[in-house]
Amino acid sequence: MHQYAALLRGIAPSGKNQSNEQLRGVFERLGFAKVASVLASGNIVFDSAETDVRELETSIEQALIANLDLNRNAIVRSLPELRALLASDPFEGLTHQRGTYLTVTFFKDAPTVDLLTEHPDGLTKVVGYDPAARVVLSIIDNSDPGRTPDFMQWLEKAYGKSITTRTWLTVERIVKKLESR
């Protein structure tokens, strides 16, 4: 069996559209083993014999529509991929906090357009793109309540909806959950 994390786009922590229990149920009905949720924002870990990530993503997306009437993108990464991302330590020496909000934007496919290293809002710095993990790593300064970064909207406008963003802390929690089951 292989260990995976599904990162579901557009699942709000408030759970207005679905509960973690409902999401886990979809994955269990697909026949996945050791299904668990991480936080309340669309992070589901599971085991599967399937090795084709595209097939997993398609199956999950179709099941979300059929079972919960949720048309959401699913981005799947394996435990080894996520471990390698953490081991790369792209935010070396930084701590996740208001002034240094460390984010990871997962792409379903590699972006076809170059990424800016400095975002036009002046509050976001793109650290880089990790091609193996297919992620953009960025630092957002949200310490000034009077200024709101528009980085997520910019990413969606530039690259479409086949992306989803998590904090670095969430990625660490997902790996910890995968390793502890």
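The values are calculated or read from the model by the stated rules, or taken from the named source; none is laboratory data. On a predicted model such as this, the values are computed, not experimentally measured, just so you know. Backbone-built Cβ (ideal geometry, glycine too); neighbour counts: all protein chains shown. Quick note on the areas: whole protein, heavy atoms, side chains included, nothing else; ligands and nucleic acids left out. Shrake-Rupley method; radii C 1.70, N 1.55, O 1.52, S 1.80 Å.
Structure notes:
- Relative to the longest principal axis of the Cα atoms of the chain, the long axis of helix 20-29 makes an angle of roughly 50 degrees.
- Cross-link partners of Lys108 among lysines, defined as those whose alpha carbon lies under 17 angstrom from its own and excluding same-chain residues fewer than eight positions apart: Lys157, Lys161.
- Note, ³J(HN,Hα) from phi for the stretch 38-45, Karplus 6.51, -1.76, 1.60, rounded to Hz, x at Gly and Pro: 10, 6, 10, 10, x, 10, 10, 9
- These residues, Ser180, Ser48, Ser19, go from largest to smallest accessible area, 1.4 Å probe, as Ser180, Ser19, Ser48.
- For the stretch 32-181, the fraction of 1.4 Å probe accessible surface lying on carbon and sulfur atoms is 49 percent.
- Cut-off 14 Å between beta-carbons: net charge of the residues surrounding Asp89, Lys and Arg +1, Asp and Glu -1: -2
- Shape analysis of the stretch 93-181 yields a ratio of the Cα radius of gyration to the Kirkwood radius, Rg/Rh, of 0.98.
- Over the chain: helical MRE at 222 nm, DSSP H runs n ≥ 4 each giving -39500 (n - 2.57), nearest 500: -9500 deg cm²/dmol
- Rounded accessible area per residue of the chain, 1.4 Å, Å²: 51 Å²
- Gap separating the Cα centres of the stretch 131-181 and the stretch 86-113, nearest whole Å: 6 Å
- The magnitude of the dipole of the chain, with charges of +1 and -1 set on the Cβ of Lys/Arg and Asp/Glu and taken from the Cα centre, is near 460 debye.
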